[in-house]
Protein chains: 2
Amino acid sequence: MKNNHYLNMLREIKSAAFATVDENGCPQNRIIDIMLVENDALIFCTARGKAFYRQLCLNPNTAILGMTKTYQTIRLTGKAEHLSDQKYWIDKIFEANPVMNTVYPGQSRYVLEPFCIRNGTLEYFDLSKTPITRASSAIGTAEPLTEGFEISDACISCGKCAKGCPQQCIQQGNIYEIKQTHCLHCGYCMEVCPIHAIKRRIL
Amino acid sequence: MKNNHYLNMLREIKSAAFATVDENGCPQNRIIDIMLVENDALIFCTARGKAFYRQLCLNPNTAILGMTKTYQTIRLTGKAEHLSDQKYWIDKIFEANPVMNTVYPGQSRYVLEPFCIRNGTLEYFDLSKTPITRASSAIGTAEPLTEGFEISDACISCGKCAKGCPQQCIQQGNIYEIKQTHCLHCGYCMEVCPIHAIKRRIL
């Protein structure tokens, strides 16, 4: 699936959870509507009076999480950029999302500031299927994440990992192999391997 | 509404966004199921192999966000505590949430570790009503948050704030007053007040 497909899924979910880090280094989380997807970038806005706005100005790192009605989740993690030309973007956002006029009627719309994310990692996760399915990609200059576990050449083919794997996603072989697209990242295989041949892909 | 009512709303929403801060000081966000609500505490679990588990061990601050199908959101922000007696809690979680057996069958359930949040701030927000409605409370030893804006005695009753307020939640008077339960926290009133009589409740 293309990146733009994931961004469009987020746009369709519309109300997503946006996590930031506050001035005390603590996580904060709130629902924000995704207003536009343009040129492989995601666009949203918030009001200058809100804690969210202050947090973005101090630390632009943001983790956006949306879930479809059928339990597929999309995660976009990257830095939010404050867009200049505020009136242009706010007017464009209101044109594409007319319901915003009921929340911020008249001139009050200009208390909103537009932001975009154009570089970031994307993760897709579908817990509704057995086995679960996941995929990683990225937008802009970001690189897809490499997470989870892998089995090294030290594998003695004892099969304990495959037997224990809750999603049955480890393939038999001279060297067993984790099917990354179906892995929960739970780490159970690493714990049951008698010779410690299973490692994190990123330490 | 009582705190337990909000926790039970989160339990009913079940799949909520859990934000943490990672080892680089960046926010991370993922869907986690709320497994139990007991004695005014919220209980969840995660696998030892997951980034979420490592993040909680390094920095227990967590911001949980759930949204009902009718756009009411509940936010619980506090420190996650690792529960001892792992088997007792994981068995109890699986008993109350039998679907977990399809994700972690057999002995693999014990790769999960139980956590609870018993102290934290709670915020309720209903964007589906006009004007919007909000409420703050807390569980355990935490105090409810005081956010948003207030009008000081310096008010000259010019009415510009009330006229501009997007939610029409400022009440006329010798000193105008913001109805806190209907305030967006957008800050527009503070910006339009000609004599700077409107301040943040927490600076």
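The values are calculated or read from the model by the stated rules, or taken from the named source; none is laboratory data. The model shown is predicted, which means the values in this text are computed figures rather than measured ones. For neighbour counting, all protein chains shown are included, and Cβ atoms are generated from backbone atoms with ideal geometry for every residue, glycine included. Remember, those area values only see protein heavy atoms, side chains included, never the ligands or the DNA or RNA. Shrake-Rupley method; radii C 1.70, N 1.55, O 1.52, S 1.80 Å.
Kindly provide the set of residues from the stretch A:27-37 that are open to solvent by 10 Å² or more (accessible area, probe 1.4 Å) and free of Cβ contacts under 8 Å to residues at least 60 places away in the same chain, ordered by number.
A:GLN28, A:ARG30, A:ILE31, A:ILE32, A:VAL37
What number goes with the only condition from (1) farther than 30 Å from B:THR62 by Cβ; (2) in a loop (DSSP other than H, G, I, E, B) that B:ALA162 does not pass?
Status for B:ALA162: all satisfied but (2).
Looking for whichever is open to solvent by 30 Å² or more (accessible area, probe 1.4 Å) and part of a loop (DSSP other than H, G, I, E, B) here; the options are B:ASN8, B:ASN24, B:ASN4. Which one fits?
None of the other options fit; the residue is B:ASN24.
Of all residues in the stretch A:95-106, how many are in a helix (DSSP H, G or I) and more than 11 Å from every other protein chain (Cβ to nearest Cβ)?
2
Considering only the stretch A:110-125, I want to know if a residue exists there that is in a loop (DSSP other than H, G, I, E, B), open to solvent by less than 50 Å² (accessible area, probe 1.4 Å) and at the interface with another protein chain (Cβ under 10 Å from one of its Cβ atoms).
no
Hey, can you tell me all the residues within the stretch B:170-184 that are in contact (Cβ under 8 Å) with a residue 24 or more places away in the chain and crowded, with 20+ Cβ neighbours inside 10 Å?
B:TYR176, B:ILE178, B:CYS183, B:LEU184 - these are the residues of the stretch B:170-184 that are in contact (Cβ under 8 Å) with a residue 24 or more places away in the chain and crowded, with 20+ Cβ neighbours inside 10 Å.
Against the condition more than 9 Å from chain B (Cβ to nearest Cβ), more than 30 Å from A:CYS183 (Cα to Cα), part of a strand (DSSP E or B) and aliphatic (A, V, I, L, M), how does A:ILE43 come out, does it pass?
Answer is yes for this residue.
Within the stretch A:69-83, does at least one residue satisfy the condition of being touching a residue at least 24 places away in the same chain (Cβ under 8 Å) and in a helix (DSSP H, G or I)?
Taking every residue of the stretch A:69-83 in turn, none turns out to be touching a residue at least 24 places away in the same chain (Cβ under 8 Å) and in a helix (DSSP H, G or I).
Just to verify a result, which residue in the stretch A:136-156, among those that are assigned to a strand (DSSP E or B) and more than 8 Å from chain B (Cβ to nearest Cβ), is farthest from A:CYS186 (Cα to Cα)?
A:ILE139
Residues are listed down the side, and each one gets a yes or a no for (1) modelled with pLDDT under 95; (2) assigned to a loop (DSSP other than H, G, I, E, B); (3) open to solvent by 20 Å² or more (accessible area, probe 1.4 Å):
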site	(1), (2), (3)
A:ILE93	no, no, no
A:SER108	no, no, no
A:SER128	yes, yes, yes
A:ARG134	no, no, yes
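For the subset of the stretch A:50-87 comprising residues that are at the interface with another protein chain (Cβ under 8 Å from one of its Cβ atoms) and more than 17 Å from A:VAL21 (Cα to Cα), which member is surrounded by the most Cβ atoms within 10 Å (Cβ to Cβ)?
Checking each candidate, the answer is A:THR73.
Taking the conditions exactly as written (within 11 Å of chain A (Cβ to nearest Cβ), within 30 Å of B:THR181 (Cα to Cα) and not charged (D, E, K, R)), does B:ALA17 satisfy them or not?
So B:ALA17 fits the description; yes.
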